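Take a look at the structure below.
The values are calculated or read from the model by the stated rules, or taken from the named source; none is laboratory data. Because the structure is a prediction, the values reported are computed rather than measured. Glycine gets a Cβ as well: all are built from the backbone with ideal geometry, and neighbour counts include every protein chain shown.
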Amino acid sequence: MIDKTFILRVALAIILITHSVPGMFDGGVNTFGEHYLNQIGFSPLGVPIAWAIKLSHVVCAILLILNRYIKPAAIITILIFIMGIVMVHFKEGWFVVGGGRNGVEYNFLLICVLFYIMFPNGFKRNV
């Protein structure tokens, strides 16, 4: 029997992989590290940080598909998404498209999906 988070886990894994892997081969990860992270104060670690972010997304995607170590993978990914909101998306506003460009709404949704995957039965108190 497939658990109730299966579809969300696979969908999120696909999103994480398609967001990460192309940049690993077309120079996008290095560009993000060099032209953004290094420029805002992470030099000389911008490129290694960018690679760590993208590799963590791939690892999270694999773990989501395997349904293993979900909480640690989700927590790390949520922290990365929050930092993306703070450092990149917040200044662009809420909307990704339509009313704006590159806003926080997409990361917000992904964070909510990760919370649901971590806690599919809600937050229960053990009494």
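Annotations
- Val104 fulfils the conditions (1) surrounded by 15 or more Cβ atoms within 10 Å (Cβ to Cβ); (2) touching a Phe, Trp or Tyr at 6+ places or on another chain (Cβ under 7 Å); (3) over 30 Å from Pro120 (Cβ atoms); (4) not acidic (Asp, Glu) except for a single criterion, (3).
- Test result for Val86, at pLDDT 95 or above and either of a type in the set (A, V, I, L, M, F, W, C) or closer than 16 Å to Met118 by Cβ (or both): yes
- Single condition Asn67 does not satisfy, out of (1) within 21 Å of Asn121 (Cβ to Cβ); (2) among the polar types (S, T, N, Q); (3) crowded, with 16+ Cβ neighbours inside 10 Å: (3)
- Inclusion of Val58 among residues that are of a type outside the set (S, T, N, Q) and either over 17 Å from the mean Cα position of the chain (by Cα) or over 20 Å from Phe119 (Cβ atoms) (or both) is warranted.
- Selection count, region 20-51, where residues are over 16 Å from Val88 (Cβ atoms) and either of a type in the set (Phe, Trp, Tyr) or assigned to a helix (DSSP H, G or I) (or both): 8
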